[in-house]
Amino acid sequence: NKRYTHSMSVHHTPLTPTVFHILLALSLKERHGYEIMKQAEEDSAGAVTMGPGALYGAIKRLVQDNLIEEVEERPDPELDDERRKYYRLTQKGKSCLSVELRRLEELVEVGKRRKLIHAHAFAA
């Protein structure tokens, strides 16, 4: 499949939950580390929690891979802690997230076709 081959050149799928949720959190806006952690926790309904070591290790790798970048412009120092580093998605990061979301969507479709996902499966 040509599209799948192209997606592999963008990133190695599947993404880890930590990387996926960092990219997902940054899809909304530029954020600093603590905001990324809180958004990931919210987006995953508490299933994904990251300590500072995991978060900043992943951020360092994502910057090296050019999926995210540090924002040069700083918020008004009167309104923000000057030590905070803010990050945003690069174009490569947006493409990577899009490819991963498509991959997950295709897997969900397989589950639906095989009747593995039922409307009432998660009802209490």
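The values are calculated or read from the model by the stated rules, or taken from the named source; none is laboratory data. These figures come from a predicted structure and were not determined experimentally. Glycine gets a Cβ as well: all are built from the backbone with ideal geometry, and neighbour counts include every protein chain shown. These accessible areas exclude ligands, DNA and RNA; they are computed on the full protein's heavy atoms, side chains included. Shrake-Rupley method; radii C 1.70, N 1.55, O 1.52, S 1.80 Å.
Some observations on this one:
- Residue in the stretch 84-102 that is within 21 Å of ARG31 (Cα to Cα), open to solvent by 70 Å² or more (accessible area, probe 1.4 Å), at pLDDT below 95 and more than 12 Å from the chain's Cα centre (by Cα) present: yes
- Pick from the stretch 43-55, criterion in a helix (DSSP H, G or I) and under 13 Å from the mean Cα position of the chain (by Cα), ranking: surrounded by the fewest Cβ atoms within 10 Å (Cβ to Cβ): ASP43
- Those residues of the stretch 28-37 which are open to solvent by 60 Å² or more (accessible area, probe 1.4 Å) and over 13 Å from the mean Cα position of the chain (by Cα), in sequence order: TYR34
- The sole residue among ALA58, ALA40, ALA25 that is in a helix (DSSP H, G or I), touching a His at 6+ places or on another chain (Cβ under 7 Å) and open to solvent by less than 80 Å² (accessible area, probe 1.4 Å) is ALA40.
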